[in-house]
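Only one structure is covered here, and it is reproduced in the block below.
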Amino acid sequence: MRSLHTKLVMIMVLLILSLMTVVGAFLINSVTVFYLEDFYAQVSQVFQSPSLAADLTTPTEGEEDGAHQLEEVLRACAGELGVDGRNRKLYILDGSGTCLVRPDGDEGPLEYTANLSRALTSGETGDVSSLALDYMDVAIPIQRGDESYVIYIYDNKTTANSLTDQMFLLIMEALVFGLVISILLSFLLSKTMVTPIQRLTEGAMRVAEGDFSRKIEVASQDEIGVLTDTFNGMAGQLQDTLRQVENERNKLDTLFLTMTDGVVAFSRQGRVIHSNPAAARMLCRPIGINTRYDELFGDLASLDQVLEASDHLEAERQVRDSFLQLLLAPFDRGREGGGVLVVLHDVTTQRKSQDMQREFVANVSHELRTPLTNIRSYAETLAEGAGDVPPAMEKKFLGVILNESDRMTHIVQDLLTLSRFDSGRDDLKLARFSFQGALQDLYNAVYMEAQRHNHTLTLRLEENLPHITADRERVLQVMMNIVSNSIKYTPDGGHIAITAGTTPGRVWMVVDDDGIGIPPEDRPRIFERFYRVDKARSRQSGGTGLGLSIAREIVERHQGVLALQDKEGPGLAVRLELRIEGPDHD
């Protein structure tokens, strides 16, 4: 009975059975009622005849046997009454109930029915019968002269029952044919209805398994056809939705795996659900499915504390040389599948930047405080000894004030230059110029300064140095800074060599001296702002510690290279490389 096909067949069979039962009962009952009504109609019609009534009630002259005379009269009406002596019989009784006339062969006792008793006792016609009785009868009292008689007609319903049986057989035959036809029609109907439903079921199973490649054929335009077409549309929409969900999941997976922040998700039991490579890299340890929350972050906050937190918890941890900021937050609080999500953010760069900013502010304050103190000291001395200070000393003091002012001006200018570089507001003025001509101008500009220190300054250039695209003033500023440092930090009588040449796509310049050089431990920081190897000597020479930082910024904006070059012997070698075609504008 689970099959829709079987259910439809059973419904059709039950429908035919019910219909034929109702129709059969109605027909059989109608036949019985008709036969009963026809019986009483026949009797009534015959006995209502005036001539018959006169013959029945008027005795003949010299009549000795009234019952026999009544029999003779009624025999003439036997056909109209349907009396045949076998199924429908005629009886004549006297007023006392004694049967005077009966059919031939009928010798049994006469049953006194309700109709017969009524006619005998009350003298009224007994013509009441019921479908439940197995007979029909009518008792008519007759007054013939001085004698009272009762004409009693009894029918055993054999004819009606025979007709009913024949009708029942006919109904059963019709029922059998109807059942056969209904079963065939139900098979056809169920096939018509079940086949599309089976296709829909198969399609739904394919969709449930993730197969959206085939559509269900729409074979009709009825409700099932509309349902099939709607199902195809739903499957297509579901396929598009799943494809979009898959794309979004792939994006999230890619983002999760490639993001720089570490993410670790734990279940309520403290086991790892998800983690990305960044988390393992930051924590410097592998993270697997068997890793527990307590192993990684139990020292910061317990799992229950995070699960019960209203928002999230923050913590910090240092792993080797890295500083990590941790955010611990619960997710899916009201569900069994919830847990804790830990996000790790590397703040090492921010920490270093903060330290550099503090150091930068401290250095700027220190650098500006020294010349300001000197200016104030000499100015106060001049103010207190106004008129008493010798002209030579006053001139000397004013010279110191001017020098310290110039030093402050240089510091402020260098800071403004770095600020413009940091904000990106100092654009390069790119132009095509001769690299060889720039080197020659550099040599001429520093030659006299080198002579004052008795340095031997040499310039060696490869032949046919190309023209380059760059900001000429900025490039000369870098070159001047490198050569000026060599002149400053090389003892008098030293040697400074400027060489230049080309490599594929680039030009280069090396400034090599035999001065005091830079210790190996200080070389990595030589390009940091305000960093100086010998602070006392730098201040004495007027250095601010910003020159090489500015030079590095200019070279990097040209997409070039400025670095210290290894060399044998004392001194320092600084190499500058620039692109011939200038920096890219992408």
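The values are calculated or read from the model by the stated rules, or taken from the named source; none is laboratory data. Predicted, not measured: the structure shown is a model, and the values here were computed from it. Neighbour counts are summed over all protein chains in view; Cβ atoms, including those assigned to glycine, are modelled from backbone coordinates with ideal geometry. Note: accessible area is taken over every heavy atom of the protein model, side chains too, but ligands, DNA and RNA are not part of it. Shrake-Rupley method; radii C 1.70, N 1.55, O 1.52, S 1.80 Å.
Name the single residue that is most open to solvent (accessible area, probe 1.4 Å) among those in region 159-180 being over 30 Å from Gly82 (Cβ atoms) and without any contact (Cβ under 8 Å) to a residue 40 or more places away in the chain. Result: Phe177. Residue pairs whose Cβ atoms lie under 8 Å apart, sitting 6 or more positions apart in sequence or on different chains, and linking a residue in region 46-58 that is free of Cβ contacts under 8 Å to residues at least 24 places away in the same chain to a partner that is open to solvent by less than 80 Å² (accessible area, probe 1.4 Å) and assigned to a helix (DSSP H, G or I), are Ala53/Phe47; Asp55/Val73. Once region 264-304 is narrowed to residues that are among the small types (Gly, Ala, Ser) and either more than 17 Å from Ser322 (Cα to Cα) or touching a Lys or Arg at 6+ places or on another chain (Cβ under 6 Å) (or both), the residue that is surrounded by the most Cβ atoms within 10 Å (Cβ to Cβ) is Ser275. Residues that are without any contact (Cβ under 8 Å) to a residue 12 or more places away in the chain and within 28 Å of Gln318 (Cα to Cα) do occur in region 262-275, at least one of them. Filtering region 91-134 down to residues that are in a strand (DSSP E or B) and aliphatic (A, V, I, L, M), which residue is farthest from Ser148 (Cα to Cα)? So the residue we want is Val101.
When you look at Thr490, is it open to solvent by less than 10 Å² (accessible area, probe 1.4 Å) and not in a strand (DSSP E or B), yes or no? Here the answer is yes, as Thr490 does meet what is asked.
Inclusion of Gly97 among residues that are surrounded by 12 or more Cβ atoms within 10 Å (Cβ to Cβ) and either without any contact (Cβ under 8 Å) to a residue 60 or more places away in the chain or touching a helix residue (DSSP H, G or I) at 6+ places or on another chain (Cβ under 6 Å) (or both) is warranted. Restricting Ala25, Ala76, Ala67 to those that are open to solvent by 70 Å² or more (accessible area, probe 1.4 Å) and on the phi < 0 side of the Ramachandran plot reduces the list to Ala76. Selection of region 100-109 for residues being open to solvent by less than 30 Å² (accessible area, probe 1.4 Å) and of a type in the set (A, V, I, L, M, F, W, C) yields only Val101.
This table checks each residue for (1) modelled with pLDDT under 80; (2) surrounded by fewer than 16 Cβ atoms within 10 Å (Cβ to Cβ); (3) aliphatic (A, V, I, L, M).
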residue	(1), (2), (3)
Gly337	yes, yes, no
Leu341	no, no, yes
Val347	no, yes, yes
Ser353	yes, yes, no
Glu367	yes, no, no
Leu372	no, yes, yes
Asp388	yes, yes, no
Glu404	yes, no, no
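Inclusion of Ile183 among residues that are in contact (Cβ under 8 Å) with a residue 40 or more places away in the chain and either part of a helix (DSSP H, G or I) or under 21 Å from Ser3 (Cβ atoms) (or both) is warranted.
Out of region 385-416, which residues are in a helix (DSSP H, G or I) and either hydrophobic (A, V, I, L, M, F, W, C) or in contact with a Cys (Cβ under 7 Å, 6 or more places away or on another chain) (or both)? Answer for region 385-416, where residues must be in a helix (DSSP H, G or I) and either hydrophobic (A, V, I, L, M, F, W, C) or in contact with a Cys (Cβ under 7 Å, 6 or more places away or on another chain) (or both): Ala392, Met393, Phe397, Leu398, Val400, Ile401, Leu402, Met408, Ile411, Val412, Leu415, Leu416. You will find that of Phe34, Phe39, the residue that is of a type outside the set (D, E, K, R), closer than 22 Å to Ala160 by Cα and either touching a residue at least 40 places away in the same chain (Cβ under 8 Å) or open to solvent by less than 40 Å² (accessible area, probe 1.4 Å) (or both) is Phe39 and no other.
Can Leu461 be described as modelled with pLDDT under 90 and either open to solvent by 40 Å² or more (accessible area, probe 1.4 Å) or under 21 Å from Gln559 (Cα atoms) (or both)? Judged against the criteria, Leu461 is not a match.
For every residue, the table says whether it meets (1) assigned to a helix (DSSP H, G or I); (2) open to solvent by 80 Å² or more (accessible area, probe 1.4 Å); (3) closer than 30 Å to Thr6 by Cβ; (4) of a type outside the set (A, V, I, L, M, F, W, C).
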| site | (1), (2), (3), (4) |
| --- | --- |
| Thr201 | yes, no, yes, yes |
| Ala204 | yes, no, yes, no |
| Val207 | yes, no, yes, no |
| Ser213 | no, yes, no, yes |
| Ile224 | yes, no, yes, no |
| Ala235 | yes, no, yes, no |
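Which residues, taken from region 550-569, are more than 53 Å from the chain's Cα centre (by Cα) and crowded, with 20+ Cβ neighbours inside 10 Å? Scanning region 550-569 gives Ile550, Ala551, Leu562.
Residue check: is Val150 among the hydrophobic types (A, V, I, L, M, F, W, C) and crowded, with 20+ Cβ neighbours inside 10 Å? Spelling it out, Val150 is indeed among the hydrophobic types (A, V, I, L, M, F, W, C) and crowded, with 20+ Cβ neighbours inside 10 Å. No other residue among Gly79, Gly85 is within 30 Å of Phe168 (Cβ to Cβ) and in a loop (DSSP other than H, G, I, E, B) apart from Gly85. Looking at region 150-160, can you tell me whether even one residue there is outside any strand (DSSP E or B) and in contact with a Gly (Cβ under 8 Å, 6 or more places away or on another chain)? No, every residue in region 150-160 fails to be outside any strand (DSSP E or B) and in contact with a Gly (Cβ under 8 Å, 6 or more places away or on another chain).
Against the test of being aliphatic (A, V, I, L, M) and either out of contact with any helix residue (DSSP H, G or I) (no Cβ under 9 Å at 6 or more places or on another chain) or surrounded by fewer than 17 Cβ atoms within 10 Å (Cβ to Cβ) (or both), the options Leu56, Leu17, Leu90 yield a single qualifying residue, Leu17.
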